[in-house]
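The values are calculated or read from the model by the stated rules, or taken from the named source; none is laboratory data. Remember, predicted model here, so these are calculated numbers, not experimental data. Cβ atoms come from the backbone with ideal geometry, glycine included; neighbour counts cover every protein chain shown.
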Amino acid sequence: MITNTRRHQIPAYPFVVTPSMETDDEDMLILVVPDLPGCMTHAASSADILPRVQDAIDSWVLHAESEGMEIPTPGSSIQGIPDWARDAVFPTLSTSDVAEILGVSARRVRALAESRKVGRIVGNSLMFFPDEVEAMKVRLPGRPRAVV
């Protein structure tokens, strides 16, 4: 771990936490700092998040200073987030939210999600993106009728 004696001068940057989809370890978390291109790390538990992300930020800023690079100001940039983590920035809908939107039970939402291959498990919950709700809307059986 890098010790930053000037920690008070390094501003706090927002970061994104996503569960790892690259490993069988369900507890692995990926931490991405969008404002600092390429600044990311991982944590094995929620207790490790703040120390790990602060160490990554400190390392990035200290390296940038030593190379004479411009240090971005904290903000809400999405440019630095890798494609696989971008979806985590946007809010997702829970099974009960989708059930309310579609006017069906949560059990039916889970069945639709399984048959249409949408949704993803986040922790113990099945979560959806808004465009996935459209894919779960009830379709009438058979061929569409011609409108006269």
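In the set (1) among the hydroxyl-bearing types (S, T, Y); (2) closer than 30 Å to M127 by Cα; (3) at pLDDT below 70, T3 fails one condition alone, (2). Take the residues in the range 62-79 that are small (G, A, S) and not in a helix (DSSP H, G or I), then tell me which one is modelled with the highest pLDDT. Going through the qualifying residues, I end up with G68.
When we screen R145, R139, R52 for residues that are basic (K, R), surrounded by 12 or more Cβ atoms within 10 Å (Cβ to Cβ) and either in a loop (DSSP other than H, G, I, E, B) or modelled with pLDDT of 80 or more (or both), the only hit is R52.
For the range 27-39, the set of residues classified as within 16 Å of P74 (Cβ to Cβ) and either outside the structural domain of D58 (by TED's automatic domain parsing) or buried (at least 20 other Cβ atoms within 10 Å of the Cβ) (or both) consists of L31, V32, V33, P34, D35, L36, C39, listed by residue number. If the condition is being assigned to a loop (DSSP other than H, G, I, E, B) and either modelled with pLDDT under 70 or touching a Ser or Thr at 6+ places or on another chain (Cβ under 9 Å) (or both), then the range 112-135 contributes G119, G123, F129.
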